[in-house]
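S.K.: Quick one: the structure is below, and I'll ask about it shortly.
Taken together, the values in this text are just the output of simple stated rules run on the coordinates, not laboratory data. Because the structure is a prediction, the values reported are computed rather than measured. Glycine gets a Cβ as well: all are built from the backbone with ideal geometry, and neighbour counts include every protein chain shown.
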Amino acid sequence: MGFFGDFMSIMKKRAVVLQSMTKEADDVYTFSFEKPADYSWRAGQYALFSITHAKVKPGTKPFSLSSAPAENAIRITTRIGATPSEFKQALLSLKPGMTVRVSGAVGSFGLDKAEPALMIAGGIGITPFRAILKQMVAERIKATQPTQLLYLDSSEVYPFKEELETLAAQASVQLTTVESLDKLELERNAFVQQNKEKGRFLIAGPKPLVDSLASGLQQQGVAKSRMKKDAFFGYL
């Protein structure tokens, strides 16, 4: 979309109505909102969500959209711990029919299906990849080059795991779940050895993890231009 298109998208704010809240795991929740007729996005993008029914600081946070455009609903999935921030407390207090404000979606995080690709998700960083795979299946698109999704979850909960297994099989994507950085690095190294110069590398998750993995790829000779990052700033 480019800078100007992203800027115009962020400037346009819409009220969206909560349809449902689903608990995906002990501390992982999905919030599903009605999609306005004029709202569109690409799988992998994020949007800004603002609380309107309570005064909280900060009142606006970015979230990757966990739903694909083909699903016709705006969904975000987030981890909410035992001592959530004011913003996430306000999310939990939402009831069906209540509204939040959304602006965007923006960003270039997405899969180029014409090249080999390694997607790496750390924890709740799985959300943009869930949207990408869902859209691929909806459009009946299969990866024609080696494409792998590495899903790291040290707690071994793996939200969306069963659904992702089905989607990955239908999209010809190899899904590998790992519970440690050591195992992730083994899988990553094997992919890099085969696809360092021609592959695309997408990383989503907590910012320290994303930065560390990107640095590791650079040390292996992967150019910055072949990476895309989606860093999540905390789970409170």
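S.K.: Given a cut-off of 31 Å, what percent of all Cα-Cα pairs of the chain lie beyond it?
M.R.: 20 percent
S.K.: So, one more: Between residue 20 and residue 92, what is the spin-label point distance in nm, taking each point 7 Å from the Cα along the Cα→C-beta axis?
M.R.: 2.1 nm
S.K.: Kindly state, to the nearest 0.05, the FRET efficiency for residue 180 paired with residue 138, given R0 = 22 Å and r defined as their beta-carbon distance.
M.R.: 0.10
S.K.: How far is helix 2-11 tilted, in degrees, relative to the longest principal axis of the Cα atoms in the chain, given as a value from 0 to 90 rounded to the nearest 10?
M.R.: 20 degrees
S.K.: Kindly write out, for region 125-141 in residue order, the coupling ³J(HN,Hα) from the Karplus curve 6.51 cos²θ - 1.76 cosθ + 1.60 (θ = phi - 60°), rounded to whole Hz, with x marking Gly and Pro.
M.R.: Residue by residue, region 125-141 yields x, 5, 4, x, 6, 4, 5, 4, 5, 4, 5, 4, 5, 4, 8, 6, 9 Hz.
S.K.: I would also like to ask the following. I need the phi-derived Karplus couplings for region 203-210: 6.51 cos²θ - 1.76 cosθ + 1.60, θ = phi - 60°, integer Hz, Gly and Pro marked x.
M.R.: 10, 9, x, x, 3, x, 5, 4
S.K.: May I pose another question? DSSP loop trypsin sites (Lys or Arg not before Pro) in region 125-173 with at most 15 other Cβ atoms within 10 Å of their Cβ, which ones?
M.R.: 140, 142
S.K.: Let me ask you something else. Please report the antiparallel percentage of the DSSP beta bridges confined to the chain, to the nearest 5.
M.R.: Within the chain, antiparallel bridges account for around 60 percent of the total.
S.K.: Measure up 12/35; 198/229; 134/196 against 23 Å on the Cα-Cα distance and list the ones that go over.
M.R.: Violating the 23 Å limit, Cα to Cα: 134/196.
S.K.: Sticking with this one: With only alpha-carbon atoms in the gyration tensor, what are the semi-axes of the equivalent ellipsoid for region 2-106, in Å, largest first?
M.R.: Semi-axes from the Cα gyration tensor: 21, 15, 13 Å.
S.K.: Take residue 112 and residue 193, extend 7 Å from each Cα along the Cα→Cβ direction, and tell me the distance between the two endpoints in nm.
M.R.: 2.5 nm
S.K.: Something else now. How big is the charge dipole of the chain about its Cα centre, in debye rounded to the nearest 20, if each Lys and Arg gets +1 on its Cβ and each Asp and Glu gets -1 on its Cβ?
M.R.: With Lys and Arg at +1 and Asp and Glu at -1, about 840 debye.
S.K.: Still on this structure, I have one more. Which residue fluctuates most in the GNM of the chain (Cα springs below 10 Å): 200, 226, 75?
M.R.: Evaluated over the chain, the most mobile residue of the options is 226.
S.K.: For region 82-186, run through the GluC sites (Glu not before Pro) and keep only the ones in DSSP coil with at most 11 other Cβ atoms within 10 Å of their Cβ.
M.R.: Those that pass, being in a loop and sparsely packed, are 156.
S.K.: Return the Rg/Rh value of region 67-142, two decimal places, where both radii are evaluated on C-alpha atoms and Rh is the Kirkwood radius.
M.R.: The Rg/Rh ratio comes out at 1.02.
S.K.: Let me ask you something else. Could you derive backbone 3J(HN,Hα) for region 45-60 from the dihedral phi with the Karplus parameters 6.51, -1.76 and 1.60 (θ = phi - 60°), listing whole Hz in sequence and x where the residue is Gly or Pro?
M.R.: Along region 45-60, the couplings run 7, 10, 9, 9, 10, 10, 6, 10, 9, 8, 8, 9, 10, x, x, 10 Hz.
S.K.: Amide H of residue 228: which non-local residues (sequence gap of 5 or more, or other chain) have their own amide H closer than 5 Å, using H built in the peptide plane?
M.R.: Correct list: 201, 202, 203.
S.K.: Relative contact order, percent, of region 117-232 when contacts are C-alpha pairs under 8 Å separated by at least 6 residues?
M.R.: In percent, rounded to a whole number, it is 32.
S.K.: What is the set of long-range amide H partners of residue 117 at a cut-off below 5 Å, with H atoms built 1.01 Å from backbone N?
M.R.: 147, 148, 200
S.K.: Using only the alpha-carbon atoms, how far is helix 181-195 inclined from the longest principal axis of the chain? Give it as 0 to 90 degrees, nearest 10.
M.R.: 60 degrees
S.K.: Starting from the Cα of residue 23, draw a straight line to each of the aspartates and glutamates and keep only those under 20 Å, dropping any in the same chain fewer than 8 residues away.
M.R.: Output for residue 23: 34, 71, 86, 153, 156, 162, 163, 165.
S.K.: Where does the charge balance sit around residue 69 when Lys and Arg score +1, Asp and Glu -1, over other residues with C-beta under 12 Å from its C-beta?
M.R.: Summing Lys and Arg as +1 and Asp and Glu as -1 gives +2.
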